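What follows is one structure encoded as structure tokens, with my remarks underneath.
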Amino acid sequence: MEQALLARYDRPLPRYTSYPTAPHFSAATGAKDYALWLAAIEPDARASLYLHVPFCRSMCWFCGCTTSAVHSVSALERYATALETEIGRVAAAIGHRLRAGQIHWGGGTPTALPAPLLRRVHAALARHFTLDDTTEIAIEIDPRTLPDDATALLRDLAVTRVSLGVQDFAPAVQAAIGRHQSVAQTKAAADAARAAGIASVNFDLVYGLPFQTIESLEATIGEVLALGPDRVALYGYAHVPWTRKRQQVIAERALPDTAARFAQQQRAAELLVAAGYRQIGLDHFARPEDMMARAAGTGALRRNFQGYTVDPSDLLIGLGASAISRLPQGYAQNAVGTQPYLAAIEAGGLAIAKGLALDNEDRLRGAIIERLMCDLEVDLATFDADPERFGAEGAALAPMEADGLLRREGSRVIVTEAGRPFLRHAAAAFDAWLGQAGRHAAAI
């Protein structure tokens, strides 16, 4: 792609895992609001649960997650106890036993919690929510710190899907990001998951890392494909040192420029598609038989804080430090720091520190953005939205149409295959909050 075109689209934008995005949350929405929202959940509703474990054994310098290196057993036990307490407190606020369709353990590294603590928290979930054979339970695993009893632990947690962080196997890249991980360690983690009967083993790759090249990415993808993942997430490295101070260790001169990042993304996608994976939305790839691949293009694919999902629920309940809940009324986020979170739970309340109540305009624009991000197209008429009311948005999309990145057909906005890497730009045209708060990483 020509340099001039890339330069036109080289600007920071949200990833649109929510709308409005998290920088717009404020203390105007708090624990009292959240408690009312929980109490309004219907008895026959089905929710997704997200549990955040903000700990790792060691820190990777590239990581943008809310996490820290913790080794104190007492600190880990205190956090697990707080999670158990919060689970019970949220369930009491709901007032009836809610069915859990999906559970996602994220972090950080969830397995930074010792196995007995993970089992305790899982037992608390089972006491307060209805889990059954249809409940999908996913967990993120760092292959470098795989527990000795990983297979037994994954069975006990009833895990159905694991995500293994890979990033890049090149030694120079690993040294630059502070993460040394071998192919053998990664294979051992995948083998342990499959031995536990887990049918969906997924790998996370990152492009745009320091000293990364197309050649190193090609080699990494070759190693990954040999391990046969069911899904692959291909994320662009988000360099946000103003938010994640650990990234200041990474010299910006070592980062690929915009053209190199774009070339890496394009080559990686080409290799994955050539290997038989179907490209999903912005950055996911799945085998054709995978439920995510089957959902793509049908309107059933969704987007939330964990990325792409096939979960149809509008209820996402976040548990743990920094976790975000999404209910029909709006968003509510727990205290970001571990200590403020612990203090709130131990004081006997909910841990909500900020949030945002949605109005109908937010819901409408959020639905439009979600369909663009998931399906690469949206029919504005589907949302009873008069296309004429989006004159400013149409004007904002006109340069993308002129560049062949999307086309307009009546009330339909259709992102072309060439425009897929620029999905965030198309979504941004409908973002009425854009520019009012927060800084974002580069969108290419």
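Could you give the alpha-carbon Rg of region 360-428 over 2.2 N^0.38 Å, rounded to two decimals?
1.00
Magnitude of the Cβ-charge dipole of the chain, K/R +1 and D/E -1, about the Cα centre, nearest 20 debye?
Dipole magnitude for the chain comes out near 920 debye.
Each residue of region 277-285 in turn: what ³J(HN,Hα) in whole Hz from Karplus with 6.51, -1.76, 1.60 and θ = phi - 60°, glycine and Pro shown as x?
7, 9, 7, 10, x, 7, 8, 10, 9
Which far-off residues, 5 or more places away or on another chain, put their amide H under 5 Å from the one on Ala353, with H placed in the peptide plane?
Sorted by chain and number, the residues that satisfy this are Gln333, Asn334, Ala335.
Counting only the backbone N, which residues of region 152-179 are under 18 Å from the spot 7 Å out from the Cα of Ser58 toward its beta-carbon?
165-179
If you average the sequence gap of Cα pairs under 8 Å that are 6 or more apart and divide by the length of the chain, what percent do you get for the contact order?
Working: 826 pairs, mean separation 91.4, N = 444.
Rounded, it is 21 percent for the chain.
What nm value, rounded to one decimal, do you get for the distance between Gln266 and Asp359 when each label is placed 7 Å out toward the C-beta?
Spacing of the two 7 Å Cα→Cβ label points: 4.2 nm.
List the residue ranges in the chain for DSSP H helices whose C-alpha atoms run 30 angstrom or more along the long axis and whose Kyte-Doolittle average is 0.0 or above.
73-94
Give the residue from Ala300, Gly348, Ala269 lying farthest towards the positive end of the charge dipole for region 195-351; charges sit on Cβ (+1 for Lys and Arg, -1 for Asp and Glu) and the dipole is referred to the Cα centre.
Checked the options; the winner is Gly348.
So between Val336 and Asp132, what do we pick up on full extension, going 0.36 nm a residue minus the alpha carbon distance?
70.3 nm
Aspartates and glutamates near Lys354 by alpha-carbon distance under 20 Å, same-chain residues fewer than 8 away left out - which ones?
Partners within reach: Asp33, Glu86, Asp314, Glu346, Asp362.
Can you give me the long-range amide H partners of Ser68? Hydrogens built in the peptide plane at 1.01 Å from N, cutoff under 5 Å, separation of 5 or more residues or another chain.
Phe55, Cys56
Taking 7 Å along the Cα-to-C-beta vector as the label spot, tell me the Thr416-Val183 distance in nanometres, rounded to one decimal.
3.8
Taking a virtual spin label 7 Å from the Cα of Glu409 along the C-beta vector, which residues in region 288-303 bring their backbone nitrogen under 16 Å of it?
297-299
Considering only DSSP beta bridges whose two residues both sit in the chain, what percent are antiparallel, to the nearest 5?
Of those bridges, close to 45 percent are antiparallel.
Using a Gaussian network model on the chain with a 10 Å cutoff between Cα atoms, which of Gln174, Gln329, Gln248 fluctuates the most?
For the chain, modelled as a Gaussian network with Cα springs under 10 Å, the answer is Gln248.
So for the pair Arg246, Ala27, with labels modelled 7 Å out along Cα→Cβ, what separation do we get in nm?
That separation, rounded to one decimal, is 2.8 nm.
What are the ³J(HN,Hα) couplings of region 140-152, residue after residue, when phi is run through the Karplus curve with 6.51, -1.76, 1.60 and θ = phi - 60°? Round to Hz, x for glycine and proline.
Listing the rounded values in order: 8, 10, 8, x, 6, 10, 4, x, 4, 9, 3, 4, 5 Hz.
Scan around Gly236 for amide H atoms under 5 Å from its own, H built in the peptide plane at 1.01 Å from N, and keep only partners 5 or more places away or cross-chain.
The answer is Tyr207.
Computed from the coordinates I sent, Rg and Dmax of the Cα atoms in Å equals one of [x] 21.2, 61; [y] 22.7, 74; [z] 37.8, 119. Tell me the label.
Of the labelled values, this structure produces [x].
In percent, what relative contact order does region 254-328 have, based on Cα pairs under 8 Å that are 6 or more apart in sequence? Before the final figure, lay out each step's value.
Numbers: 64 pairs, mean separation 10.5, N = 75.
Dividing the mean separation by the residue count of region 254-328 yields 14 percent.
Kindly rank 345-352, 92-99, 52-59 from highest to lowest mean number of other beta carbons found within 10 Å of each residue.
52-59, 345-352, 92-99
Whole Å is fine, so just give me how far the alpha carbon centre of region 173-239 lies from that of region 119-167.
Each part's Cα centre sits 20 Å from the other's.
Using only helices, what value at 222 nm comes out for the chain when you add -39,500 (n - 2.57) per DSSP H run of length 4 or more and divide by the total residues, to the nearest 500 deg cm²/dmol?
The per-residue figure over the chain is -11000 deg cm²/dmol.
Assuming R0 = 22 Å, what is the FRET efficiency of Ala199 and Asp149, from their Cβ-Cβ distance, to the nearest 0.05?
So the FRET efficiency works out to roughly 0.60.
A short reminder: the numbers here are calculations on the coordinates, not readings from a lab. Bear in mind that the values here come from a model prediction, so they are computed numbers and not experimental data. All Cβ positions, even for glycine, are placed from backbone atoms using ideal geometry, and neighbour counts span all protein chains on display.
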